[in-house]
Amino acid sequence: MERKLDRRDFLGAVGALAPLAQTVLAQTTDSTIAKTTPYNKTVVEPFDYTGVTLRPSLWQRQAASGRDFYLGLSDDDILHGYRVAAGTANAPGRALGGWCSPNSNTVFGQWLQSMARMQRAYGDKDLLQKANLLVAEYARCWPGMSGGGGRGGATGGLSHYPYEKLVGGLLDMHHYAGHPDALPLCDKITEAAAANFNRDRVPANREPWALHSGRPGEWYTMAENLYRAYQLTGKSMYKEFAGVWLYPAYWDKFAATSDPRDAQGVHAYSHCNTFSSAALAYDVTGDAKYLRILKNFYDWMQRRQIYATGGYGPDERFVYSDGALGDSLEIYSASFECPCCSWAAFKLSKYLIQYTGEARYGDWIERLLYNGIGAALPIKDRGTHMYYMDYHLGSCLKYYSRNAFTCCSGTYFQNIAEYSNLIYFRDPKALYVNLYLPSEVEWDGPAGAVKVVQTTTYPEADTSTLAVTAGRPAPFAIKFRVPAWSSGLSIKVNGQPQTVEIKPGEWATVSREWRSGDTIAVTIPLHFRRVPIDEQHPDRIAIARGPVVYAQEDPHKWLSEIPSDDEALDKLMKPLANNPAIFQIDNEPVVQQRNAFKPFYAFTELERYRMYFDARHRRVLW
């Protein structure tokens, strides 16, 4: 029977959850969330999947739809390959197919992690029930898979990639869901991995092709979840095993510079993802070198590797810093491995906010929320999902992968489970607003419980309104991220303009005694601007309005003439009367085929668009 989440439950605040859901949350919060070894380097922290609720928006609907898809997958199909490997006669169900044809290793751990986090965020008893069953059945299969007569060998069929993902999923099922089998199982599979895994640890290289993700593949991502296991359990086994997989051969390229000359040619997703391992190495060891590496890598990505959307990795590689990114628009349509690369960037940016307290790292999160994973086609059918975004110069399409249940079907779930955890951050004296997204947050502030409800249609409109409810007058600060691209951000409290320091890329802080009924209006003027692809192609540009990339419909018509400066562009872009979020260049002829500009996230499957323009290209062909 298909089980769907009632939208009122999904949208309801944590405090209004059904009694059973309240019990689940109380159990996980009270009995499993304490950290044995705390995150010592955290300056500000996210809400850790509690107290934040998405309110109606495109991104809430995406999260709810994705949740329904994963919940609806057959448990027997997910478990089929494990039961066969364990020797179960007539194992029910059938393999998922695609990349998960032999078993679900490619995605199993990521799905457990996503279910653990999402059920905690929303008190979702159906997701919790499903995740509990999957862990219990996998634990039941493990002896048969890894025993002498099993088909998986000593590691139960796990290699480095699925092992690392499974550790993350089991940790979160222990940590957020309180599953009694999760941590003992994690201990067992780690003991087997430590004794049997290949430790060649060959660094990735641009040549030959087979080495673009190192050997064994993606081994350098493993330390993150192993360090998390150490922090959650205090067991030295995990810390020692994490230390095996550090990646100085690549990380140290960024130790003293944010512009290395030899970091290209390697697998983009996994090499962005490896810096989450560097983040946890910083948190566990306290070595400031790791934080310096993280910051330099982030800056290199922003200057040398990312498109206007926040995406990166044409044909899944980092590129030379000599104009190769701009050239890639002529060569590849596989521009951005969207779900996986969004996930790696979300994590890296979140760690940098946590460890530095700096607002600027929220900008990449915002770009990818609207133009990356938040603009992806929904997963559907039997694991049909989006893999690549297409930014090719000229005509582009959004399209589904020809393969089912790839790695991106794992990270898609992780991304949508993460949305609520990226909106707000906190420290003992302040609430931080990182994203302007319809939502509400309940915070145990310095003077007691506070609830803030954020109402907005940003980024299609320029204002977000936050309403405060407090049990008693409460002095604290609310900090608002000022986007680096923005100009003229303003804040009003109860209709009165506030005199606060506002600098792009930093926090704007309003400190006062807050009372129930107080409202804050944050206005971020939205103007059209040109975003060059790189320094070597200054006239090869995308068009953005605020954080959102706008693409043009129906590129088989003549090329539009894009003004050569931002002010002229903004003046010429006129909203349609029937939809103020869609624009057309003023005075351009209207043709039968629509040629308007609309948010990239609004394009659907196989709907043609043009994202990048180059003034040097011929505009008229007939």
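Look at Pro473 and say whether it is touching a Lys or Arg at 6+ places or on another chain (Cβ under 7 Å) and closer than 30 Å to Leu377 by Cα. Outline the logic, then answer.
Working: touching a Lys or Arg at 6+ places or on another chain (Cβ under 7 Å): yes; closer than 30 Å to Leu377 by Cα: no.
So Pro473 does not fit the description; no.
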The lone condition Ala449 fails out of (1) small (Gly, Ala, Ser); (2) more than 30 Å from Leu329 (Cβ to Cβ); (3) open to solvent by less than 40 Å² (accessible area, probe 1.4 Å) is (3)
Taking first residues from region 482-508 that are aromatic (Phe, Trp, Tyr) and second residues anywhere that are open to solvent by less than 50 Å² (accessible area, probe 1.4 Å), the pairs with Cβ under 6 Å that are 6 or more apart or on different chains are Trp507/Ala359; Trp507/Lys479
Practice problem: Assess whether Lys429 counts as being under 14 Å from Lys479 (Cα atoms), touching a strand residue (DSSP E or B) at 6+ places or on another chain (Cβ under 9 Å) and surrounded by fewer than 20 Cβ atoms within 10 Å (Cβ to Cβ). | Solution: yes
Restricting region 204-219 to residues that are of a type in the set (D, E, K, R) and without any contact (Cβ under 8 Å) to a residue 60 or more places away in the chain, the one least open to solvent (accessible area, probe 1.4 Å) turns out to be Glu218
*asked:* Can you find a residue that is under 17 Å from Ser342 (Cα atoms), hydroxyl-bearing (Ser, Thr, Tyr) and more than 16 Å from the chain's Cα centre (by Cα) anywhere in region 298-321?
replied: yes
Matching residues in region 514-560 (part of a loop (DSSP other than H, G, I, E, B), surrounded by fewer than 16 Cβ atoms within 10 Å (Cβ to Cβ), of a type outside the set (Phe, Trp, Tyr) and in contact (Cβ under 8 Å) with a residue 60 or more places away in the chain) number 4
Okay, helices (runs of 4 or more DSSP H) sitting entirely in region 291-396 with 1 or more residues that are touching a Ser or Thr at 6+ places or on another chain (Cβ under 9 Å) and open to solvent by 10 Å² or more (accessible area, probe 1.4 Å), I get 338-356, 362-371
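Name the residue, out of Ala182, Ala121, Ala136, Ala177, that is out of contact with any helix residue (DSSP H, G or I) (no Cβ under 8 Å at 6 or more places or on another chain) and under 30 Å from Ala64 (Cβ atoms).
Unique residue meeting the criteria: Ala136.
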Listed by first then second residue, the pairs whose first member lies in region 283-306 and is closer than 10 Å to Thr257 by Cα and among the aliphatic types (A, V, I, L, M), whose partner is at pLDDT 95 or above and open to solvent by less than 60 Å² (accessible area, probe 1.4 Å), with beta carbons under 6 Å and at least 6 positions apart or on separate chains, are Ile293/Trp251; Ile293/Phe254; Ile293/Ala255; Ile293/Ala278
Scanning region 55-89 for residues that are over 22 Å from Tyr412 (Cα atoms) and among the hydrophobic types (A, V, I, L, M, F, W, C), the one surrounded by the fewest Cβ atoms within 10 Å (Cβ to Cβ) turns out to be Ala89
Considering residues that are open to solvent by 10 Å² or more (accessible area, probe 1.4 Å) and in a helix (DSSP H, G or I), the number found within region 239-286 is 11
Inspect region 488-497 for any residue being open to solvent by less than 40 Å² (accessible area, probe 1.4 Å) and of a type in the set (D, E, K, R) and give the result as yes or no. no
Within region 408-422, does at least one residue satisfy the condition of being surrounded by fewer than 23 Cβ atoms within 10 Å (Cβ to Cβ) and either without any contact (Cβ under 8 Å) to a residue 60 or more places away in the chain or in a loop (DSSP other than H, G, I, E, B) (or both)? no
When region 557-566 is checked residue by residue, the ones that are closer than 9 Å to Phe528 by Cα and out of contact with any strand residue (DSSP E or B) (no Cβ under 9 Å at 6 or more places or on another chain) are none
Scanning region 498-513 residue by residue, those assigned to a strand (DSSP E or B) and either open to solvent by less than 30 Å² (accessible area, probe 1.4 Å) or touching a Ser or Thr at 6+ places or on another chain (Cβ under 7 Å) (or both) turn out to be Ala508, Val510
Matching residues in region 246-288 (among the small types (Gly, Ala, Ser) and over 19 Å from Ile353 (Cβ atoms)) number 7
Here the qualifying pairs (Cβ atoms under 9 Å; residues six or more apart or on different chains; first in region 460-481 and under 12 Å from Val450 (Cα atoms) and among the charged types (D, E, K, R); second modelled with pLDDT of 95 or more and open to solvent by 40 Å² or more (accessible area, probe 1.4 Å)) come out as Arg472/Arg515; Arg472/Ser516
Filter region 381-414 for residues that are among the small types (Gly, Ala, Ser) and at positive phi; the one that is farthest from the chain's Cα centre (by Cα) is Gly394
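Okay, residues lined up against (1) open to solvent by less than 20 Å² (accessible area, probe 1.4 Å); (2) touching a residue at least 40 places away in the same chain (Cβ under 8 Å); (3) within 23 Å of Ala91 (Cα to Cα); (4) of a type outside the set (A, V, I, L, M, F, W, C):
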{"site": "Thr190", "(1), (2), (3), (4)": "yes, yes, no, yes"}
{"site": "Ala194", "(1), (2), (3), (4)": "no, yes, no, no"}
{"site": "Thr221", "(1), (2), (3), (4)": "yes, yes, no, yes"}
{"site": "Leu226", "(1), (2), (3), (4)": "yes, yes, no, no"}
{"site": "Ala229", "(1), (2), (3), (4)": "yes, yes, no, no"}
When Thr28 is run through (1) open to solvent by less than 20 Å² (accessible area, probe 1.4 Å); (2) modelled with pLDDT under 50; (3) within 23 Å of the chain's Cα centre (by Cα), the failure sits at (3)
Screening Gly66, Gly147, Gly81 for residues that are more than 24 Å from Thr221 (Cα to Cα) and without any contact (Cβ under 8 Å) to a residue 12 or more places away in the chain leaves only Gly147
Per the list (1) in contact with a strand residue (DSSP E or B) (Cβ under 7 Å, 6 or more places away or on another chain); (2) open to solvent by 10 Å² or more (accessible area, probe 1.4 Å); (3) not hydroxyl-bearing (Ser, Thr, Tyr), residue check on Arg117 breaks on (1)
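The values are calculated or read from the model by the stated rules, or taken from the named source; none is laboratory data. Since we're looking at a predicted model, the values are computed, not measured. Neighbour counts are summed over all protein chains in view; Cβ atoms, including those assigned to glycine, are modelled from backbone coordinates with ideal geometry. Side chains included, ligands, DNA and RNA excluded: accessible areas come from the protein's heavy atoms. Shrake-Rupley method; radii C 1.70, N 1.55, O 1.52, S 1.80 Å.
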